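The values are calculated or read from the model by the stated rules, or taken from the named source; none is laboratory data. Computed from a prediction, not measured in an experiment: that's the story for all the values here. Cβ sites come from the backbone with ideal geometry, for glycine too, and all protein chains shown count toward neighbours.
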Amino acid sequence: MNRSARAAALGAGALLLALATPGGPVSAAADEQPRVDLRILVVTDGGPATAALSAELASQGTPFTTVDLRRPDRPVIDAAFLADTVDGRPRARYQAVVLPDDNPFGTGSAEAAALADFERTYAIPQVDAYTYARPEVGLQVPEFSGSLDGAAGRVTDAGKAAAFGYLSGSVPFEDNSPSVDESYGFLAHPAQDADFTSYVDAAIPGTDERGSLVGEYKHDGRRELVVTFVYNQYQKQFRLLARGIVDWMTQGVHLGASRNYFAVHVDDVFAADDRWDTTLDCTPGDVDCPPGQGTPDPIRMTTADAAYAAQWSRLRGFTLDMVYNGGGSELYRQENDGSDALADRLVTDRAAYRWVNHTYDHPFLGCVQDVSVVPWKCATDAGGSTRYVSRTEISRQISDNRAWGQRNGLDLDTTELVTGEHSGLKVLPQQPDDNPNLAGALTDNGVASLGSDASRDPAQRLVGPALTVPRHPMNVFYNAGRAAEQVDEYNYIYTSTADGGSGICEGSTTTTCLDEPLDTATGYTSYIVPLEAATALGHVLSNDPSPHFIHQSNLAEDRIAYPVLDRVLDTYSALFTSSAPVVNLPMAQLGAEMKARADWRAAVRDGEVTAYRIGTSVTVRAPGGVTVTATAPSGTAQQLSTGTREFGSSYAGRASGWVSPGPSQDRVTLNLPG
């Protein structure tokens, strides 16, 4: 069926999405088009491949139904489960089917026969999440079977022309540990006389030939995407291909969307950060050193560092978010005869960055800290109740820093705020609840987007008038300006006590933990940079809008942040075409994206969204106030009362976005290119 034209509509109490699609299943007459629900059927046996595809659908906001073959109370997949009649019209309940392999029901199964009939009748694509290469799936017996760790997969020309055109061509397979087989698979040629087209292949070891890893098998009036390697939802090879698999199974039109987000916040700009002491294994001047121990040795950017940051941003075409403390500059001026060349240079280059309020002096705004002990604890009053920083003080820190930024011409979104150390928000174990004075201070200052630490507070939540925006901490430490300091602290945290470390990793299976200390001269470049870049890139490839954060100290001295950021951006640009650029947005927009997704997913989860296609239209009904995220062909236009306007924006060869009705309309109609 040709699904190259579509349309959509959104009403006050219901969303109507009309997609113009000429034709329908070949078995249906033109005037008797069936209804096809916009929902995916995922049949799982508990394996990682179907779990990965389910995670991708959930991430995009694409509705799906799971049938778990391990459950004795699961529904039987028969004709009645797959299709029925609504208002006298035949209905297909699913627009695509995902199976754990090509036939998980066994030879001669009535369920397999019912699925085959369903797919033929309604032109429904099938994805074999992971299956053995054999003639039944259009392939010869494997030329190779075994570990694919480190394999160099490649998108074929046919794959680029089909669903994987957003990739430059390379699909590298991870090889994180020489002692563990991370990805197993089969490489095979198409079977003789089979209508099989390979979309992703790899070199067959010991030969000059290539075998298929992902391909389309057309047979018996059906279309089947055959994947012959196993994967999980976190592996790079799956993350690269996930978008294309969803695009293939939905034929380019589905509810939900995906983009690759990367934003980097630089905290403590204009201020200074305390330095790690490689002898004491703590940070003098901060709360992890006992009072009076060591001598503080602050790290602060120089004018040369500021000039480099502006030049780097310009050359990379990547905007950093400078999360600033104006009081840091004023303190420096007091101690240096009224001058601050660093602040002058950053302010001169202010248009190169986005700017975010980080409070004036960067105080801790939660409970009043008792730092006479390590670790610190919350101070209490005579009655034993926790003492908190006041609403007045929190509000002053926000408003004074905002005023400083405005006096210096910084282009601020005054609704954004990141408190120092995310303080004011709960922090375990010392402060299990938010400072009760925080919400009022946010209200006083019109704060609507509040940065939080995704490693401690990962879910977006409401704090007074503000929604949190969880930020990923990068393991480039705030108290390190030099690579050797970073490695020394890394060794202390992640090695055993026998190796001079903290022992926090003893008995742990955390991959960050080290078998032995890193070389302080080479460990940063050889180990930490690749690991941290891979972690950040994993977030980028996971449709995750959460920003990352580092500190101004990491742009100073050895400028240790840049090797990580460069590796992320260079790796990304080598993998993707210009049709799928990194999406670099301000914090408030990222928070709004998170909120819209949460509302949509809640409506889908609660069964409040219905969506179906009938011939040339698709209707989606959702609760009032819930907008829909959708993906459709590029060039799609929204039909208004007078004229048209472009739907969404182009990404990875498709148009996607959030759709709203035009003036005086109760629906949105999208006209897709023929």
Study note, to complete from the structure: Over the stretch 616-642, the set of residues touching a strand residue (DSSP E or B) at 6+ places or on another chain (Cβ under 9 Å), modelled with pLDDT of 80 or more and in a loop (DSSP other than H, G, I, E, B) is THR627, SER634, GLY635
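Is there a residue being touching a Lys or Arg at 6+ places or on another chain (Cβ under 6 Å) and in contact (Cβ under 8 Å) with a residue 24 or more places away in the chain anywhere in the stretch 123-137?
Among the residues of the stretch 123-137, at least one is touching a Lys or Arg at 6+ places or on another chain (Cβ under 6 Å) and in contact (Cβ under 8 Å) with a residue 24 or more places away in the chain, which makes the answer yes.
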Exercise for review: Tell me, please, whether a residue that is at pLDDT below 95 and either hydroxyl-bearing (Ser, Thr, Tyr) or in contact with a Phe, Trp or Tyr (Cβ under 6 Å, 6 or more places away or on another chain) (or both) can be found in the stretch 110-129.
Suggested key: no
Exercise for review: List every residue pair whose Cβ atoms sit under 6 Å apart, with the two residues 6 or more apart in sequence or on different chains, where the first one lies in the stretch 289-312 and is closer than 18 Å to ARG354 by Cβ and the second, anywhere, is outside any loop (DSSP other than H, G, I, E, B) and small (Gly, Ala, Ser).
Suggested key: ALA310/ALA352
**Study point:** Residue list for the stretch 450-460, filter: of a type in the set (Gly, Ala, Ser), buried (at least 20 other Cβ atoms within 10 Å of the Cβ) and without any contact (Cβ under 8 Å) to a residue 40 or more places away in the chain
**Key:** SER452
**Study point:** Members of the stretch 170-202 found to be touching a Leu at 6+ places or on another chain (Cβ under 9 Å), farther than 21 Å from LEU531 by Cβ and in a loop (DSSP other than H, G, I, E, B), listed by number
**Key:** HIS189, ALA191, ALA194
Check your understanding: For the stretch 336-375, how many residues are loosely packed, with under 14 Cβ neighbours inside 10 Å and part of a loop (DSSP other than H, G, I, E, B)?
Key -> 8
Practice item. Hey, could you check the stretch 281-335 for residues that are among the aliphatic types (A, V, I, L, M) and in a helix (DSSP H, G or I) and say which is surrounded by the fewest Cβ atoms within 10 Å (Cβ to Cβ)? Key: LEU315
Practice item. Mind listing just one residue for me: the one in the stretch 231-280 that is surrounded by fewer than 21 Cβ atoms within 10 Å (Cβ to Cβ) and of a type in the set (Val, Ile, Thr) and, of those, farthest from LEU531 (Cα to Cα)? Key: THR279
Practice item. State which residue pairs qualify: first residue on the phi < 0 side of the Ramachandran plot and inside the stretch 572-597, second residue aliphatic (A, V, I, L, M) and modelled with pLDDT under 95 in any location, beta carbons under 9 Å apart, and separation of 6 or more residues or different chains. Key: ALA596/VAL626
Review point. Any idea which of (1) assigned to a helix (DSSP H, G or I); (2) small (Gly, Ala, Ser); (3) within 28 Å of the chain's Cα centre (by Cα) is the one ALA480 doesn't satisfy?
Key: (1)
Revision key, fill the gap. Counting only strands (runs of 3 or more DSSP E) entirely within the stretch 112-169, those with at least 2 residues that are within 30 Å of ALA83 (Cα to Cα) and not aliphatic (A, V, I, L, M) are 126-128
Point to revise | Selected residue (criterion: nearest to GLU416 (Cα to Cα)) from residues of the stretch 302-346 that are among the small types (Gly, Ala, Ser) and in contact with a Gly (Cβ under 9 Å, 6 or more places away or on another chain) | key: GLY326
Revision key, fill the gap. Of the residues in the stretch 160-183 that are more than 22 Å from the chain's Cα centre (by Cα) and more than 19 Å from VAL230 (Cα to Cα), the one that is surrounded by the fewest Cβ atoms within 10 Å (Cβ to Cβ) is ALA161
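Condition check ((1) buried (at least 16 other Cβ atoms within 10 Å of the Cβ); (2) within 18 Å of ALA466 (Cα to Cα)) across all residues:
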| site | (1), (2) |
| --- | --- |
| CYS378 | yes, no |
| ALA382 | no, no |
| THR386 | yes, no |
| VAL389 | yes, no |
| ARG396 | yes, yes |
| TRP404 | yes, no |
| ASN408 | yes, no |
| ASP413 | yes, yes |
| GLU416 | yes, yes |
Check your understanding: Could you say whether any residue in the stretch 419-440 is modelled with pLDDT of 95 or more, surrounded by fewer than 19 Cβ atoms within 10 Å (Cβ to Cβ) and more than 25 Å from LYS377 (Cβ to Cβ)?
Key -> no
**Study point:** Cβ pairs under 7 Å, 6+ apart, first in the stretch 327-353 and in contact (Cβ under 8 Å) with a residue 12 or more places away in the chain and on the phi < 0 side of the Ramachandran plot, second of a type in the set (A, V, I, L, M, F, W, C) and assigned to a helix (DSSP H, G or I)
**Key:** SER329/ALA343; LEU342/ALA306; ARG345/ALA306; ARG345/ALA307; LEU346/ALA306; ASP349/ALA306; ASP349/ALA310; ALA352/ALA310
Check your understanding: Tally time: how many residues in the stretch 244-265 are in a helix (DSSP H, G or I) and either touching a helix residue (DSSP H, G or I) at 6+ places or on another chain (Cβ under 8 Å) or closer than 25 Å to PRO142 by Cβ (or both)?
Key -> 5
Practice item. Could you list all residues from the stretch 380-418 that are touching a residue at least 24 places away in the same chain (Cβ under 8 Å), more than 31 Å from the chain's Cα centre (by Cα) and not in a helix (DSSP H, G or I)? Key: THR386, TYR388, VAL389, SER390, ASN408, GLY409
Review point. Taking ASP102, is it in contact (Cβ under 8 Å) with a residue 12 or more places away in the chain, of a type outside the set (Gly, Ala, Ser) and assigned to a loop (DSSP other than H, G, I, E, B)?
Key: yes
Revision key, fill the gap. If you go through VAL469, VAL529, VAL463, VAL447, the only one that is without any contact (Cβ under 8 Å) to a residue 40 or more places away in the chain, touching a Pro at 6+ places or on another chain (Cβ under 8 Å), β-branched (Val, Ile, Thr) and surrounded by 15 or more Cβ atoms within 10 Å (Cβ to Cβ) is VAL529
Practice item. Report, by residue number, each residue of the stretch 472-493 that is crowded, with 22+ Cβ neighbours inside 10 Å and free of Cβ contacts under 8 Å to residues at least 40 places away in the same chain. Key: TYR490, ASN491
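Yes or no, residue by residue, for (1) over 30 Å from SER526 (Cβ atoms); (2) basic (Lys, Arg); (3) touching a residue at least 24 places away in the same chain (Cβ under 8 Å):
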residue	(1), (2), (3)
GLY159	yes, no, yes
SER168	no, no, yes
TYR184	no, no, yes
ASP195	yes, no, yes
LEU213	yes, no, yes
GLU216	yes, no, yes
HIS219	yes, no, yes
ARG223	yes, yes, yes
Exercise for review: Need at least 1 residues that are at pLDDT 50 or above, within 14 Å of ILE614 (Cα to Cα) and not charged (D, E, K, R) per element, so show me which strands (runs of 3 or more DSSP E) inside the stretch 1-68 make the cut, counting only ones lying wholly within it.
Suggested key: 35-37
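So, of the residues in the stretch 535-586 that are assigned to a strand (DSSP E or B) and surrounded by fewer than 21 Cβ atoms within 10 Å (Cβ to Cβ), which turns out to be farthest from the chain's Cα centre (by Cα)?
Filtering the stretch 535-586 for residues that are assigned to a strand (DSSP E or B) and surrounded by fewer than 21 Cβ atoms within 10 Å (Cβ to Cβ), the one farthest from the chain's Cα centre (by Cα) comes out as PHE576.
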